[in-house]
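First up is the structure itself, then whatever we jot down about it.
Every number in this text was worked out from the coordinates using simple rules, so none of it is lab data. Quick caveat, the model's predicted, so the values are computed rather than measured. Virtual Cβ from ideal backbone geometry, glycine too; neighbours counted across all protein chains shown.
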Amino acid sequence: MKKRGKAKRKFRIPIFSDIFGMKRNLKLLMISDIFVLSGFGLIGPILAIFINDNLRGGSIFSAGLASTIFMITHAILQIMLSYKFNPKDRLWMLKVGTAIIALVPFGYMFSTSIYHIYLIEFIFGIGASFAYPSWSSLFTANMDKGQRGFQWSIYSSSVAIGTALTAVIGGLLAEKISFQLVFALTGIIAMLGLFVLFKLEKKSVLKKT
């Protein structure tokens, strides 16, 4: 009789198997948002400087006001949109919102007046109102039971690391080359995040919403 050999056990590191074992749609949502938010990390530290030094009517106060316009638009409109549309609309809302957000940096590129920035921030708020709640809804709905805290932490840490890296790169490029280059790169990276969303499997990603 042939002796049965002992089955070889594959070496596994639990944390990595949990990360790479996440659902495909969950990983795509995460990758998309990392692209978008890390892309905007390029301009986070420099936008107020750009407004103050390069635009007609620009000042530190007007930079703060521009941010307020975005926040208020986003805060009010996202409640209205979430109430109006049902969970099955989340995917197209995410795509539309992300497309609007990805165009925002190109608007910065061609701005010459603070009033251009005010308009762009209003449009940015509209895009965020479509995208942010929809992304959160889809991401939460597609999480694995018992892994939600871990998966949120993986997402949060990935975005934080990506944004940390792009923040210093954005500051360096703006100082050494130009603000316009930084805005263009931000828009391109955000567009990559938009394209990732088209890889989502519509039926499965909406199944649990």
Quick check for me: using +1 on Lys/Arg Cβ and -1 on Asp/Glu Cβ, what's the dipole size of the chain about its Cα centre, in debye to the nearest 20?
2240 debye
Top of M80, M109, M93 by mean-square fluctuation, Gaussian network on the chain, Cα under 10 Å
M80
Cut-off 20 Å, label 7 Å out along Cα→Cβ of V168, residues of the range 24-43 by amide N
35, 37-43
Note the angle between two axes, namely the Cα long axis of helix 60-84 and the longest principal axis of the Cα atoms of the chain, as a number of degrees from 0 to 90, rounded to the nearest 10.
50 degrees
Fewest-first ranking of Y108, Y115, Y83, Y132, using other Cβ atoms within 10 Å as the exposure measure
Y83, Y115, Y132, Y108
Quick check: residue separation of F110 and F85 times 0.36 nm, minus the Cα distance between them. What number comes out in nm?
5.6 nm
Taking Cα atoms, the helix 179-197 axis meets the longest principal axis of the chain at an angle in degrees (rounded to 10) of 40 degrees
Can you tell me how the range 25-206 classifies by the Cα gyration tensor, rounded, prolate or oblate, using a/c under 1.5 as the rounded cut?
prolate
With the label point 7 Å along the Cα-to-beta-carbon line of S67 and a cut-off under 14 Å to each amide N, the hits in the range 42-61 are 43-52, 59-61
Using a 7 Å offset from the Cα along the Cα-to-Cβ direction at both I49 and Q180, what is the distance between the two label points in nm, to one decimal?
1.9 nm
Quick check on the chain: helices-only [θ] at 222 nm, where DSSP H runs of length 4 and up contribute -39,500 (n - 2.57) each and the sum goes over total residues. Nearest 500, please.
-25500 deg cm²/dmol
Tell me the angle of helix 90-109 to the major Cα principal axis of the chain, expressed in degrees between 0 and 90 and rounded to the nearest ten.
40 degrees
Excluding L81 itself, calculate the net charge of residues whose Cβ lies under 15 Å from the Cβ of L81, where each Lys or Arg counts +1 and each Asp or Glu counts -1.
+3
Order these by the 10 Å Cβ neighbour count, fewest first: V168, V159, V36.
V168, V159, V36
Taking a 18 Å limit on the Cα-Cα distance, which of the listed pairs K23/K84; K88/K145; K95/K203; K23/K95; K95/K145 fall beyond it?
K23/K84; K88/K145; K23/K95; K95/K145
Along the range 132-145, Karplus-curve 3J(HN,Hα) (6.51, -1.76, 1.60; θ = phi - 60°) to the nearest Hz, with x for Gly and Pro, reads 5, x, 5, 4, 4, 4, 5, 5, 5, 5, 9, 6, 7, 4
